[in-house]
Amino acid sequence: MNNFKVARKEKEYSQEAVARMLGVTTQAYGRYENGQRECSYSTLLQLSAIFGCTIDYLLGNAPAQPTAAPTLPPAEAAALKKYRQLTPSGRSQLDTYLDFLLSQESASAVKRKTAT
């Protein structure tokens, strides 16, 4: 028995969100979670990173709870959770918008420096 479901619920992710992060269908992820299908080592590594726990914990070999990830401020944690639920296309659009915002802030900083 694996701990995929326990780890997923602890992070408050849906099966659909985890499947998107892995790049698989919701049905495929559900089969991993239910033990109906074994996932590859690279998928285990991805799940370990997504859930912030060890592969041993995911596979049910370690009794300890997943290791705690560094704590983010609530606003950053909420933004990261939303980001992880985006499709690859949505992530790309958000990255483009963030680059735009950063360039605008940089340009404003240069204008303020030259004005003084």
Options (i) 21, 15, 13; (ii) 37, 17, 10; (iii) 33, 17, 12 for semi-axes √(5λ) of the Cα gyration tensor in Å; the value derived from the coordinates is listed as (ii)
Sites removed, the longest contiguous part of the chain containing no DSSP-loop GluC sites (Glu not before Pro) with at most 14 other Cβ within 10 Å is 39-116
Within the chain, pairs of Lys residues whose Cα atoms are less than 25 angstrom apart, provided they are eight or more positions apart or on distinct chains, add up to 6
The set of residues whose placed amide H lies less than 5 Å from the amide H of L59, leaving out same-chain residues fewer than 5 positions away, is N3
The stretch 1-41 scanned against label point 7 Å out from D56 along Cα→C-beta; backbone N under 17 Å for 1-4
Under 15 Å by backbone N from the virtual spin label 7 Å along Cα-to-Cβ at A77, the residues of the stretch 7-29 are 9-13
Subtracting the Cα-Cα distance of R84 and V110 from 0.36 nm times their residue separation yields 6.0 nm
Between E16 and L102, the FRET efficiency computed from the C-beta separation at R0 = 41 Å comes out, to the nearest 0.05, as 0.85
Over the chain, with neighbouring protein chains present, the accessible area per residue in Å² at probe 1.4 Å is 69 Å²
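The values are calculated or read from the model by the stated rules, or taken from the named source; none is laboratory data. Model, not experiment: these values are computed from the prediction. No Cβ is skipped: glycine too gets one built from the backbone with ideal geometry, and neighbour counts run over all protein chains shown. SASA here: full protein model, heavy atoms, side chains in, ligands and nucleic acids out. Shrake-Rupley method; radii C 1.70, N 1.55, O 1.52, S 1.80 Å.
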